[in-house]
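Any read-out appearing in this document is the output of simple, stated calculations on the displayed coordinates, not a laboratory observation. A quick note: this is a predicted structure, and the numbers were derived from the prediction, not measured. For neighbour counting, all protein chains shown are included, and Cβ atoms are generated from backbone atoms with ideal geometry for every residue, glycine included.
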Amino acid sequence: MSGLAFLIPIALGLGMLGLAAFFWAMKRGQFEDLDGAAQRILIDDEEDER
Amino acid sequence: MNAPLALDTQGSMPLRDSRFTVPGMRCAGCISKIERGLAKLEGVDAARVNFSAKRVAVRHHARLGEDDLVEAIAAIGFEAQSVADNPMARDDRESAALMRALAVAGFGMMNIMLLSVSVWSGAEGVTRDLFHWLSAMIALPVVAYAGRPFFASAAMALRHRRTNMDVPISIGVLLATGLSLYETIAGTGHAYFDSAVMLLFFLLAGRALDATMRNRTRAGIGALLSRMGRSAMVLDESGAHRTVAAEDLERGMLMIVAAGEALAADGVIEEGETTLDNAMLTGESAPQAARVGDTVYAGAINLGNAVRVRVTEAASDTALAGIARLMDEAGQSRSHYVRIADRASRLYAPAVHSLALLAFAGWMIAGAGWYQSLVIAIAVLIITCPCAMGLAVPAAQVVASGALAKNGLLVKDGSALERLAEIDTALFDKTGTLTVGEPVPALGHLTDRQAAIALALARTSRHPLSKSITRALEGRGVQPVDLSSVQETGGNGVSAVFGGIAVALTRPDTDGFRIATGLRIGDEVTNIAFDDPVRHDAQATLDELAAAGIESAVVSGDRAGPVSAVAGDLGLEWKAELHPDAKLAHIEKLKSAGHHPLMVGDGINDGPALAAAHASIAPGSASDVSQQAADAVFLGRSLRPVVLAVRVARRTMRIVRQNFTFAIVYNVFAVPLALAGLVTPLIAAVAMSLSSLVVVGNSLRLARAAQ
C-alpha cells in the first residue's frame, strides 16, 4: 500500500506535465497550421538547386 | 529552413504586418515559392504562410503598400487578397479556450478513471475513501474550469428566462459533483466524479470540433468582404495631408482619393470627376462615372482622376461594413446551431427536467430513500440530455458547410441546405452567372507589333481593362516593347512614346454599346473589344444538374439575341428581356405549379427572384443585394459549386435523417432503463456521450462529400 504514496503523485505529476506541455504548445501557436507543417517537410533547404 | 530573411537596409523604418488570403495554395512548393519570393522583395522583413488557413502574414516596411504586396504575390503566380487585421481573432480565442478546457477535462477524466477502476475492482475501507478524496480534489478544479463554457451558457439562458441544451448538462454535472462530494465527506462509498468529468470531456470534444469547422467556414466570408480601403489621405483645414486609418475616419473629413485607390469610407464627391469600379457593391463590371455631388461608397475603386470626397459615413457605419455585418450574422453557423438546438430543447429540456423530477418523486414514493432517488434522477437527467437530438442537424450542417466552403461555396444559413436538397428546377441569370462577368479582351486581330505595344502600355496601368489586357497578352507569351515617357491621365488612359511615335491606350474611336478600348499608334486607332465569356465548366455543371434530375433554364434581363446565343450553346430553354418583377412572376408560377426552383443570379435585378426562390445562390462577384438575398455565395470562375451545393445538400439531409432516427431510437431504449433505476450515472454518461459521438461521427462522413 505504501507504494501508492509514490505512484499516485507520480501519475498525477506526469499528467500535469502533459497538460502543461499542451498549454505551452497552444500558446506558442504549434497548432495554428497543421496542414502546413505536414507540407513544409517536403521543402528543399537549398534554394538554388532548381 | 524557412527562416525569415532580414533586411537592414531600411534601418529604422517602422514595420507593419499585413495579412493576405491566397486561396490557390495547394502544395509544399507553393509555400516555399511564396515565402521565398516575398522574402526576396525589398522592404519585406519576413513572410510566413499559414497553409491550413490559406493565408500569408507579411512583416514589411511601412512604405511598401498592401497593393504592392498583392502584386508581388501575383507575380509569383498566386491570386491574393488582403485581409483586415485578423478578423478571426475572436473565434480563434474561443476555440482555443475550448481546446484548453478539453485538455483539462481529458487530464481529469484519465486520472479519475484510474482511481475509479481501482475502486470498482474492490478497493475497500481507507483506500477507497482516500481514492474518493483524491478524485474530489482532481474533479472540483477540473469541473470548475472545464465546465465554464456550459455554465456560462446555461446562466445566460436562465437569466433570459429560457432554457437551452446547457441547462440540463450543467444541472447534471453540478448535481453529480455535489452529491459525490457529500458522499465522500460522509464516507458512504459511492462517488460519481468520473461520470461528471467524462460527460464534460465528451461534450467539449463535440464543441471543439464544431468551433473548428465554424472558423473554417467563416474565413471565406472574411476574405470576400475585405476589399474596403484600409486608409485614406485626409486634408485638414490648414491644408496639410495626413494618412488616416479607415477605422479612424470621421464624418465630415475630406479625403483625397488617388487613382487606383479603394475608397475607405462612404462620402460625397466635392471636387473632381472620375470613373469608379463599383463591382463590389453592384456587381457591374463596367466602370461608372461619378461627378461632384454623387454619393460614393467604401470599397469602390477609383479608376480615373484623383477626387476629393467628403466623408458621410465611416468605419463600421459604411454600407459595405453593414453588409459585412449582416452576412457575418447570417453566416455564423453558431446562430443556426443555437437556434435549432434551442428550438428542440425548448420543448425537450422542460420534458427532461420534469421527467427527472418525476423519477425522483416516483422513487421517493416507492420508498427507495432520497439518496437512491437522487442517483436515479441524475442518471435520467444525464442520459436524456438532448445532445444527440440537438446535434443531429447542426453537426451535419456544419460539416457540410465546411466541406462546401473548401470548394468555394459559402452557405449562409443552415436551413439553406435543407431547401437546396429539395430543388427540382434551376434558373440561371446570364451575365455574371453563366458568364464570368469580367471583361476578356478579343485580341486576335492585333499584329505582333500592336500586341507588344499594347502589353507595354497596359502593364503600366491599374485600370481593370488594362489588367485584363496584360493577363491575356502575357498568357500568349507576348514580349512588351520598351516605352519612354509613360503617362497615365485619369479617365483618358495611358500614353507613351515608342520609337518616336506617340502611342496610347485610350477611349475607342466609336462610342458603341460594348466595353472597348482604343490602341492608338501614331494616328491609327485599333479598337480592342471586350467580351464576357461563358464560364468554362458551365456545360459540365448543367449536365451534372440534369443527371441529378434538375431542369435548368436561363432567365435574363438582357436582349433576346445574346441570351439565345448563350442558351443555345448550352442547350437550355431561355426567356429574355425579363424585368425583375417578371423574373419574380416566373418563379412564383413555378412554385405554384409545385416545383422547388433554385435561382442563381448576381444582379440587383435578380434580388427579388433570389429572395422568392425556394433556394438561391449568387456568385461572389454579385451585388450586395443579391449576396444578401441569396442562401449561398460561390467564389471563383467555376460554376461547379452550384451542382456541388445541391449534391452535398441532398447528402446532408440523408445524414440528418439518419442522425434523428438514431437519437430517437437511443432515447426510446435508454430512458425507460434509466427511469427503472437500472443505469448508474456513469453508464448514463457513457451512453449519452457515445450517442453524441455517433451522431458527430456520422456527420463527419460529409467532410468528403464535396469531392
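A crude spin-label estimate for the pair B:Ala703 and A:Leu34, with each label 7 Å from Cα along the Cβ direction, gives 0.7 nm.
Indicate the gyration tensor shape class of region B:15-83 (rounded, prolate or oblate), computed on the Cα atoms with a ≥ b ≥ c the square roots of the eigenvalues: a/c under 1.5 is rounded; otherwise a/b larger than b/c is prolate and the rest oblate. Don't skip to the end; give the middle numbers.
Values: a/c = 1.61, a/b = 1.51, b/c = 1.07.
Note, shape of region B:15-83 comes out prolate.
Report the extension gain between B:Arg161 and B:Ala548 in nm, rounded to one decimal, defined as 0.36 nm multiplied by the number of residues separating them, less their alpha carbon distance.
Numbers: separation 387, 0.36 × 387 = 139.32 nm, distance 4.64 nm.
Value of the extension gain: 134.7 nm.
A crude spin-label estimate for the pair B:Arg476 and A:Leu19, with each label 7 Å from Cα along the Cβ direction, gives 6.8 nm.
Pairwise Cα separations in region B:543-621 fall into 10 Å bins from 0 onward with the following percentages, short to long: 19, 51, 30, 0.
The gain in end-to-end length when the B:Glu42 to B:Phe660 segment is fully stretched comes to 216.7 nm, 0.36 nm per residue minus the alpha carbon separation. Neighbour counts of other Cβ atoms within 10 Å put B:Trp133, B:Trp370 in the fewest-to-most order B:Trp370, B:Trp133. For region B:131-210, applying the loop criterion from DSSP together with a ceiling of 11 other beta carbons within 10 Å to the trypsin sites (Lys or Arg not before Pro) yields B:Arg161. Footprinting exposure proxy ranking of B:Met156, B:Met653, fewest other C-beta atoms within 10 angstrom first, gives B:Met156, B:Met653. Looking at region B:547-581, the GluC sites (Glu not before Pro) that sit in a DSSP loop and have at most 11 other Cβ atoms within 10 Å of their own Cβ are B:Glu577.
Run the simple label-point estimate for B:Ala368 and B:Ile185 please: 7 Å along Cα→C-beta, distance reported in nm. Distance between the two pseudo-spin positions: 2.5 nm.
Mind giving me the FRET efficiency for B:Glu237 and B:Val486? R0 is 41 Å, r the Cβ-Cβ distance, nearest 0.05 is fine. All intermediate terms of the calculation are to be shown ahead of the outcome.
Numbers: r = 36 Å, r/R0 = 0.88.
So the FRET efficiency works out to roughly 0.70.
Specify whether the C-alpha gyration tensor of region B:231-317 places it in the rounded, prolate or oblate class, a ≥ b ≥ c being the square roots of the eigenvalues: rounded for a/c under 1.5, otherwise prolate if a/b is larger than b/c and oblate if not. Prolate.
Output the pairs from B:Lys430/B:Lys591; B:Lys406/B:Lys583; B:Lys40/B:Lys406; B:Lys33/B:Lys54; B:Lys430/B:Lys583; B:Lys406/B:Lys430 with a Cα-Cα distance over 23 Å in this structure; if there are none, say none. Provide the component values of the computation, followed by the final result.
Values: B:Lys430/B:Lys591 21 Å; B:Lys406/B:Lys583 31 Å; B:Lys40/B:Lys406 30 Å; B:Lys33/B:Lys54 14 Å; B:Lys430/B:Lys583 13 Å; B:Lys406/B:Lys430 25 Å.
Beyond 23 Å: B:Lys406/B:Lys583; B:Lys40/B:Lys406; B:Lys406/B:Lys430.
For B:Ser485, B:Ser689, the sequence from fewest to most other C-beta atoms within 10 Å is B:Ser485, B:Ser689.
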